[in-house]
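Below is one structure; the comments refer to it alone.
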Amino acid sequence: MKMDQNRATKILVAEATSKEGGPIARFFMAASFHDNLDFPLAIEAVHVAEGSSEVLSVFQTEHPDVVIINVDDLGEEAFRLCKAIRLLEKDRHSGIIFYSERAIASDRVNLDKVLECGADDLIDTRVGDHELLARIHSVYRFKLMTDRLRTANHRLKQLSLTDELTGLSNMRSFNIEYQKLIKNCRDGKNGLGLIMFDLDRFKSINDTANHLVGSFVISEIGHLMRFSGVLGEGALAARYGGDEYIIAVPAEHVKAVWQIAEKVHDLILRSVFKKENFSFKLTASFGVAWVDPGFDGKSDDLIRSADLMLYRSKHKGRNQINGLILRYPINFEDIGAPHLLDKDELFGPEKLKKNA
């Protein structure tokens, strides 16, 4: 792996300070530092801090690449400081070096103990200047490689949870997050709604154009949901498969879920999908299902309910929204009026107030 040798390095030194600074600070601050030592370690800044609270404060504001802790000055506090830094760094690795003379000589500090607390190296103050810089540079290179590995792992994780075509969650990711939303609903924190929809007569696009155009349309629907703002905060959208999509919406009332379904429906209706020499206007059929806070039924029943309402929209002529409130007992083979949502009843009082 090619390393960026010219990247400037920020160093944070934790040692007892004085007017002229401690031994490590004096080493880096020396005017002859770069003239006397020919080594590819570009130093951007050296920050010196005394005591854990000051060190952590500087760490959070300056984000140093390497932290050098003088264990002679800080004693056991150095180990607690190292662990605290590891907790703060999150997805960004910092090289941590323990620096000592007296502690090593008295066997109070050894490499095993240093590595166990999360540091990367233990350096004896009596080493020469070249070895000191070489060890610091080695820790810095390890920091860069660790950062790149973490970045790569994060990208792989995102790819494993994202539908490649639409940029929405894939079903693996949706199922993980959906179970969390169900738990919140069961705990009474909020109600939960599901919206399922698919594109009406989508097969005709593949038949009249080609599958590349069909894939483009599917991806554009995902783009519209991700960037139009119609879903609002907290909604979880995923591609359910083919040209089907699913949206989970935690909310206080089913009206909020229905309104999101209407916004997505209208967004698709108003859009023109253009690819190659083809141009399409589309409609979509929607199913909405809702459970009140404290729901104690099966999580799959909510998905099943939204799916039933989607096909109800299909059977009633497409290009519409149908929904139900899931309450037990319920006969999924024959959904009755007590469960079905009526838009006029749902929003009637609000319309009357607006017209008054």
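Please treat every number below as a calculation from the coordinates, not as lab data. Please read all numbers here as calculations on a predicted model, not as lab measurements. Methodologically, a virtual Cβ is constructed for each residue, glycine included, from the backbone with ideal geometry; neighbour enumeration extends over all protein chains shown.
A few comments on the model shown:
- Segment 277-356 versus segment 177-242: alpha-carbon centroid distance in Å: 15 Å
- FRET efficiency, Lys203 to Leu111 (Cβ-Cβ, R0 56 Å, nearest 0.05): 0.25
- Cβ-Cβ distance of Thr61 and Lys83, R₀ of 22 Å, FRET efficiency by 1/(1 + (r/R0)^6): the value works out to about 0.65.
- Stokes-Einstein D (µm²/s) once Rh is taken as the Kirkwood radius of segment 171-355 over alpha-carbon pairs, at 20 °C in 1.002 mPa s: 126 µm²/s
- Pairwise FRET efficiency - Leu267 versus His211, Cβ, R0 = 30 Å, nearest 0.05: 0.80
- Helix axis angle, 211-227 relative to the chain longest principal axis, alpha carbon, degrees: 70 degrees
- For segment 154-220, the orientation-averaged shadow of the C-alpha convex hull comes to 6.1 nm² (one quarter of the hull surface).
- Per-residue ellipticity at 222 nm computed for the chain from its helices equals -14500 deg cm²/dmol, with DSSP H segments shorter than 4 residues left out and the rest contributing -39,500 (n - 2.57).
- Estimated inter-spin distance, Asp91 and Asp129, nm [label 7 Å along Cα→Cβ]: 4.1 nm
- By the rule of a C-alpha distance below 14 Å, with chain neighbours fewer than 8 residues away ignored, the aspartates and glutamates paired with Lys343 are Glu262.
- Note on Lys203: aspartates and glutamates with a C-alpha under 17 Å away, same-chain residues under 8 apart excluded, are Glu220, Asp243, Glu244.
- Its residue count N sets the reference 2.2 N^0.38 Å, and the alpha-carbon radius of gyration of the chain equals 1.48 times that reference.
- Each label point was placed 7 Å from the Cα along the Cα-to-Cβ direction; for Asp334 and Ile43 their separation is 8.5 nm.
- When the listed pairs Lys183/Lys255; Lys180/Lys316; Lys180/Lys263; Lys180/Lys255 are checked against a 30 Å cut-off, the alpha-carbon distance exceeds it for Lys180/Lys316.
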